[in-house]
Structure formats: structure tokens, C-alpha cells
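Peer 1: Quick one: this structure, given as C-alpha cells, is what I'll be asking you about.
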Amino acid sequence: MGNSKNVKASYLALYESGELQKRAEKLWEFLKSCKLCPRRCGVDRTLGEKGYCGAGELPMVSSVFPHFGEEQPLVGVYGSGTIFLTHCSLKCVFCQNYDISHEGRGDAISIEELAQQMIAIQAKGTHNINFVTPTHYVPQIVAAIPRAIEMGLEVPLVFNSGGYESMEVIRLLDGVFDIYMPDYKFTYSKTAKKYLDAPDYPDVIQAVLKEMHRQVGVLKVDVRGVATRGVLIRHLVMPGGVDESKRIFKFIAEELSKDSYVNVMEQYRPEYRACEFTEIARTITGDEYLAAVSLAGEAGLSRGF
């Protein structure tokens, strides 16, 4: 449908220079003593060993389809081409996709098949290829991109993650992904330990966000309002979490940019194990959501909510 004809995805230049293939080889080495996320399990996934996230050598995919429920700059007219990947390096007790991320629902596919899936969803006219929870499959994704390019891949790639990333990996992705979409959840180590089993999450995501912003800047859109490049930050408002929201918006406005695109999300519901924690065993109130939006505005943010 020609939806990408005005977009020059950055990975095409990396491919033409041969750098993309070099990055793929470097990242594949990470699988042999896995250090793809800050947990650095050290297992050899090329031998079938599995660490904290539960992922093996082959990528596992739960579903592939044009998604119309994502943020409008990603959806545009023809949808965001989502590839939902199985397993996760974070263990959110309130995970809304726990059957995929925790319980491992999905099918193992080859690198070649992953490339074919990217082409198949692009052929439906989607404005981008949106990898959902890609952290633990970065080597496989980057290995598949050259093959997909040879089959005609040209739309921007979206890195849709929980933000718990290895800085070493993110630096190797410079020029590979045009759009980063991290979900900035918590600012307190105690909260992150309790709900994500990742006490270092607050420090990790702040450093990662700065690097993502350095690479691609604030979200840019074309004449149709479709995202072409930049960082799109999600923040899920939690029950009783207004203070966390305030600190998050302050960091984004002061350390990244007041022009940052921030989706203040209201769809929290007590899924998975959330009911084991009394304070988050409920949906948020309208007042809590409005308070969060107000705090974003007070911090100087204005895009995305």
C-alpha cells in the first residue's frame, strides 16, 4: 500500500554498510553466556539452557497481527504490525499478558520464519513492525532483519519493552530501531523489588531512557501523524501510585525533554497475582488518573495524553 514510501528506516543504512550483520554477530555471542538484560543469568542459550526469563535459543512468538489498539502515531490508518514475543525478563505481579510472558504461550520459530513474519505483516500495509517484549530475543531479531531487508522490509521498527534493558545491548541497537517504546513503571527500588523482582529497575530505566533519547530523540511524525522516529514513553498509572507518577514525569521533563511523548495509561486492572497485594488489588479511580494527567502537565509535558 506504499505506507512506508516516504520513510527511510535507519537500519537500511546499517545493512548497506555491512554494520548490521556485524551487530548481529556480536549480539549472538551474548546468547552463549546470556547477558541480554540486567539479570545477566550467564546461561548458554545456544545449548538449550534457560535463565530467569525462560527463553531458549529460538524466538517464540505468540501472535502476529495489525494492531489498532496501540498509540495513534503507531496505528495510523493501517495499524501497527505487532509481533508478540513469548517470555519476559521482568516478572510484573500485575502482568496483563501473563499467559504469554510468564506461562510461555507461543510457538518457537526459526530466524528465517521471523523474517518472513515481518514481511507478511508489512504486506498488510502496517506502518511499522512492533516487537512486543523483545529484550530477550534481540540477537534473533537483529539476525532476522538482513534477511527481511532482502525480501523488501522497509518500514520503521519499534522496540516495545518494559524498559529493563542492558545498556550494552541498547548501544548495539543504535541505528537498528527507529522507535523505542519503553514502559516507565516505578522510581522506588522497594516498589520495583516488590512488584517486578528487580530492585535495580529505577536506576536501569533512567540510564536506558537517556540512551534511547540520545539515539532517536523525541517522537517525530510525518504529515499523516504517523510516527517515523523517536521515543514514545508509556506510564501505567497504579493504584495509590500518584507519587511515582509525579517523579516519573519530573525525570522525563527535566532529564529528557518537555517535548517527550508520554502516554499516561489508565487501563490498570488487578491481573495475574495482583490480588495477593492488597494495595494494588483494585482498578485505579478516575481521580487518580486525572491527578496523574494533571501532574504530567505541571511537569511541562504536553504530548501523548
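Computed from the coordinates by the stated procedures, all read-outs in this text should not be read as laboratory data. Everything numeric in this text was worked out from a predicted model, so none of it was measured. Note: ideal-geometry Cβ built from the backbone for every residue, glycine included; neighbour counts use all protein chains shown.
Peer 1: Mind listing whichever residues of segment 115-137 are in contact with a His (Cβ under 9 Å, 6 or more places away or on another chain) and on the phi > 0 side of the Ramachandran plot?
Peer 2: Thr133
Peer 1: State whether one or more residues within segment 249-258 are in a loop (DSSP other than H, G, I, E, B), more than 20 Å from Ser10 (Cβ to Cβ) and out of contact with any Ser or Thr (no Cβ under 6 Å at 6 or more places or on another chain). Quick ask: steps written out before the conclusion?
Peer 2: From segment 249-258, those in a loop (DSSP other than H, G, I, E, B) are 257-258; that's our starting set.
Adding the requirement that they be more than 20 Å from Ser10 (Cβ to Cβ) leaves 258.
Filter once more, so that each one left must be out of contact with any Ser or Thr (no Cβ under 6 Å at 6 or more places or on another chain): 258.
Yes; the residues of segment 249-258 include at least one that is in a loop (DSSP other than H, G, I, E, B), more than 20 Å from Ser10 (Cβ to Cβ) and out of contact with any Ser or Thr (no Cβ under 6 Å at 6 or more places or on another chain).
Peer 1: Mind listing whichever residues of segment 243-274 are of a type in the set (A, V, I, L, M, F, W, C) and closer than 22 Å to Lys91 by Cα? Talk me through it step by step, then tell me what you get.
Peer 2: As a first pass, look at segment 243-274 and keep what is of a type in the set (A, V, I, L, M, F, W, C): 248-249, 251-253, 256, 262, 264-265, 274.
Across segment 243-274, the qualifying residues are Ile248, Val264, Met265, Ala274.
Peer 1: Okay, next question. Please find, within segment 198-218, the residue that is nearest to Cys95 (Cα to Cα) out of those that are touching a Phe, Trp or Tyr at 6+ places or on another chain (Cβ under 7 Å) and outside any helix (DSSP H, G or I).
Peer 2: Among them, the one singled out is Ala198.
Peer 1: Just a yes or no: is a residue in segment 94-108 of a type in the set (A, V, I, L, M) and either in contact with an Asp or Glu (Cβ under 7 Å, 6 or more places away or on another chain) or within 22 Å of Leu219 (Cα to Cα) (or both)? I'd like the intermediate steps shown before the answer.
Peer 2: Narrowing segment 94-108 to residues of a type in the set (A, V, I, L, M): 100, 108.
Now drop any that are not either in contact with an Asp or Glu (Cβ under 7 Å, 6 or more places away or on another chain) or within 22 Å of Leu219 (Cα to Cα) (or both), which leaves none.
No, that holds for no residue.
Peer 1: Please verify whether segment 47-69 includes one or more residues that are under 23 Å from Gln122 (Cβ atoms), β-branched (Val, Ile, Thr) and in contact with a helix residue (DSSP H, G or I) (Cβ under 8 Å, 6 or more places away or on another chain). Lay out the reasoning, then the answer.
Peer 2: Step one: of segment 47-69, the residues under 23 Å from Gln122 (Cβ atoms) are 58-69.
From what's left, β-branched (Val, Ile, Thr): 61, 64.
Next cut, in contact with a helix residue (DSSP H, G or I) (Cβ under 8 Å, 6 or more places away or on another chain) only: 61, 64.
Yes, segment 47-69 contains at least one residue that is under 23 Å from Gln122 (Cβ atoms), β-branched (Val, Ile, Thr) and in contact with a helix residue (DSSP H, G or I) (Cβ under 8 Å, 6 or more places away or on another chain).
Peer 1: Those residues that are surrounded by fewer than 14 Cβ atoms within 10 Å (Cβ to Cβ) and either hydroxyl-bearing (Ser, Thr, Tyr) or in contact with a Gly (Cβ under 6 Å, 6 or more places away or on another chain) (or both), I need them from segment 259-282; list them, please.
Peer 2: Taking segment 259-282 and keeping what is surrounded by fewer than 14 Cβ atoms within 10 Å (Cβ to Cβ), we get 267, 269, 275-276, 278-279, 281.
Once the filter is applied, which keeps residues that are surrounded by fewer than 14 Cβ atoms within 10 Å (Cβ to Cβ) and either hydroxyl-bearing (Ser, Thr, Tyr) or in contact with a Gly (Cβ under 6 Å, 6 or more places away or on another chain) (or both), segment 259-282 yields Thr278, Glu279.
Peer 1: Can you tell me which residues in segment 177-197 are out of contact with any Cys (no Cβ under 9 Å at 6 or more places or on another chain), closer than 18 Å to Cys37 by Cα and not charged (D, E, K, R)?
Peer 2: Phe177, Tyr180, Met181, Pro182, Tyr184, Phe186, Ser189, Ala192
Peer 1: It is to be established whether one or more residues within segment 193-207 are hydroxyl-bearing (Ser, Thr, Tyr) and out of contact with any helix residue (DSSP H, G or I) (no Cβ under 7 Å at 6 or more places or on another chain). Outline the logic, then answer.
Peer 2: Of the residues in segment 193-207, the ones hydroxyl-bearing (Ser, Thr, Tyr) are 195, 201.
After this cut, where a residue has to be out of contact with any helix residue (DSSP H, G or I) (no Cβ under 7 Å at 6 or more places or on another chain) as well, the list is 195.
Yes, segment 193-207 contains a residue that is hydroxyl-bearing (Ser, Thr, Tyr) and out of contact with any helix residue (DSSP H, G or I) (no Cβ under 7 Å at 6 or more places or on another chain).
Peer 1: Please enumerate the residues belonging to segment 214-233 that are within 19 Å of Ser166 (Cβ to Cβ) and either free of Cβ contacts under 8 Å to residues at least 12 places away in the same chain or over 14 Å from the mean Cα position of the chain (by Cα) (or both).
Peer 2: Arg214, Gln215, Val216
Peer 1: Follow-up. So Lys258 passes all but one of these: (1) under 13 Å from Gly300 (Cβ atoms); (2) free of Cβ contacts under 8 Å to residues at least 40 places away in the same chain. Which condition number does it fail?
Peer 2: Only one criterion in (1) under 13 Å from Gly300 (Cβ atoms); (2) free of Cβ contacts under 8 Å to residues at least 40 places away in the same chain is unmet by Lys258, namely (2).
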